[in-house]
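Participant: My structure is below; once you've seen it, I'll send some questions.
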Amino acid sequence: MGKSTFYNPILEPGADPWVYKDKDTYYFMVTKRTRLDLWKSPTLSGMAQGNCKTIWTAPSEGINCANIWAPEIHRINGKWYIYFTANDGIGDDQSRKIFVLENSAEDPFGGNWIDRGYVNTEYPGLDGTIFEHKGCLYFVYAGYGNFPAYGSALYIVEMENPWTLTGPNVLLSKPEYNWEKQGGMAINEGPVMLKRNNKLFLIYSASTTWSDDYSLGMLTISENMDVMNPEVWLKSTEPVFKKSIENKVFAPGHNSFTQSPDGTEDWIVYHATSESEGGSQRRSARIQKFNWNADGSPNFGVPLCTSAPITIPSGE
């Protein structure tokens, strides 16, 4: 008989965790700095013990040769795409770009990954993500360009195809509140889209990732409104997911979302550290189930303690 519980973290270290569920298989990625690794697993709680393959390694030189992070795998119109952030190893903020790989194989462990180059964002950026809405593709990323007021802000752009943007880069959210300005810089980054209950929820990470107070914020819009209109997005005035001193979980953020194998439960995937001032090198990947409020918004609760057993996702 299999295990009925598991413990967080599921992978240590494991920064910027991303999960994509395709039919009965989970694909899992984390930041590896010099390469892109892809895990494949039939279970959510056992992703880090699944098959793992290095699918791309940074070149020795060039515009994407260093600081590989925040990989995301998506399936769009029958093809696989991976978005990741990189730079040339010399500069940082001004040379950083978001790159795209494409694979037409049914299984992303097979086939060939084609380098589609970098996304033509207006600002140097990181943490690019993609979502479909009403037949159109949209790209959201954390862009630089307003120092010293803030380090990064969230921009949305329409897409011509999965690697090309068209039209204006529209500012959706910039750091405004004190909880978005912890750790020495004002930051909005790590956007990810969550759709449910006739609404779109854009979840993002706020403050610096090395700060204990790295946390999640949220923008909300009705599905019938114009996603390119920043005036109709409602921004949370408080974090929707933050540190738990009692549970000894600090700096929770840079998340993704998935569901249990049977599709009956919603799960958040995120990184955090187990000690105060643990720093960015000790970020570990964690998962936990979340619920929904009466108004249709997500309720992520509090980060679970590492010593507490967690019931495995339904259907495992």
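Participant: Can you pull the one-decimal nm distance between simple spin-label points at TYR177 and GLU231, each 7 Å off the Cα toward Cβ?
Facilitator: Simple spin-label model gives 2.4 nm for this pair.
Participant: Using a probe of 1.4 angstrom, how much of the accessible area of segment 269-316 is carbon and sulfur, in percent?
Facilitator: Of the solvent-accessible surface of segment 269-316, carbon and sulfur hold 46 percent.
Participant: A further question follows. Using mean Cβ contacts within 10 Å as the protection proxy, how do 162-168, 44-50, 79-85, 130-136 order, highest first?
Facilitator: 79-85, 44-50, 162-168, 130-136
Participant: Then there's this: Who wins for biggest fluctuation among ALA70, ALA206, ALA105 in a Gaussian network model of the chain, springs between alpha carbons below 10 Å?
Facilitator: Maximum among the listed residues: ALA105.
Participant: Can you give me the orientation-averaged projected area of the convex hull built on the Cα atoms of the chain, in nm²?
Facilitator: Mean shadow area of the hull around the Cα atoms is 15.6 nm².
Participant: On to the next question. Based on alpha-carbon atoms only, what is the radius of gyration of segment 1-153 relative to the globular estimate 2.2 N^0.38 Å?
Facilitator: Dividing the Cα radius of gyration by 2.2 N^0.38 Å gives 1.10.
Participant: Counting only protein heavy atoms, what percent of the accessible surface of segment 173-213 is carbon or sulfur at a 1.4 Å probe?
Facilitator: 46 percent
Participant: Follow-up question, since we're still on this one. Heavy atoms of the protein only, probe of 1.4 Å, neighbouring chains included. What is the accessible area of VAL140 in Å², nearest 10?
Facilitator: For VAL140, the solvent-accessible surface is approximately 0 Å².
Participant: Please compute the alpha carbon radius of gyration of segment 14-94, then divide it by the globular-protein estimate 2.2 N^0.38 Å. Two decimals is fine.
Facilitator: After normalising by residue count via 2.2 N^0.38 Å, the value is 1.16.
Participant: Then there's this: I'd like the GluC sites (Glu not before Pro) in segment 160-212 restricted to DSSP loop residues with at most 13 other Cβ atoms within 10 Å, sorted by number.
Facilitator: Sparse-neighbourhood loop GluC sites (Glu not before Pro): none present.
Participant: In addition: Summarise the accessible area of segment 17-95 (1.4 Å probe, protein heavy atoms) by the percent that is carbon and sulfur.
Facilitator: 46 percent
Participant: If I take every Cα pair under 8 Å that is 6 or more residues apart in the chain, average their sequence separation and divide by the length, what percent do I get for the relative contact order?
Facilitator: So the answer I get is 16 percent.
Participant: Could you tell me the relative contact order of segment 149-253? Use alpha-carbon pairs under 8 Å, at least six residues apart, and round to a whole percent.
Facilitator: That works out to 21 percent.
Participant: If you don't mind, there's one more thing I want to ask. Can you divide the C-alpha Rg of segment 236-316 by 2.2 N^0.38 Å and report the result to two decimal places?
Facilitator: The value comes to 1.13.
Participant: Would you mind getting the accessible area per residue of segment 56-166, heavy atoms of the protein chains only, 1.4 Å probe, in Å²?
Facilitator: Per residue, segment 56-166 has an accessible area of 40 Å².
Participant: What whole number of Å gives the distance from the Cα centroid of segment 135-206 to the Cα centroid of segment 244-316?
Facilitator: 22 Å
Participant: Using only the Cα atoms, what convex hull volume per residue in Å³ does segment 63-142 have?
Facilitator: Spelled out: Cα convex hull of segment 63-142, divided by residues, is 89 Å³.
The values are calculated or read from the model by the stated rules, or taken from the named source; none is laboratory data. Treat the numbers as computed from the prediction; the structure is a model and nothing was measured. Because the Cβ atoms are built from the backbone with ideal geometry, glycine has one as well, and the counts that use them run over all protein chains shown. What goes into the accessible areas is simple: the full protein's heavy atoms, side chains included, and nothing from ligands, DNA or RNA. Shrake-Rupley method; radii C 1.70, N 1.55, O 1.52, S 1.80 Å.
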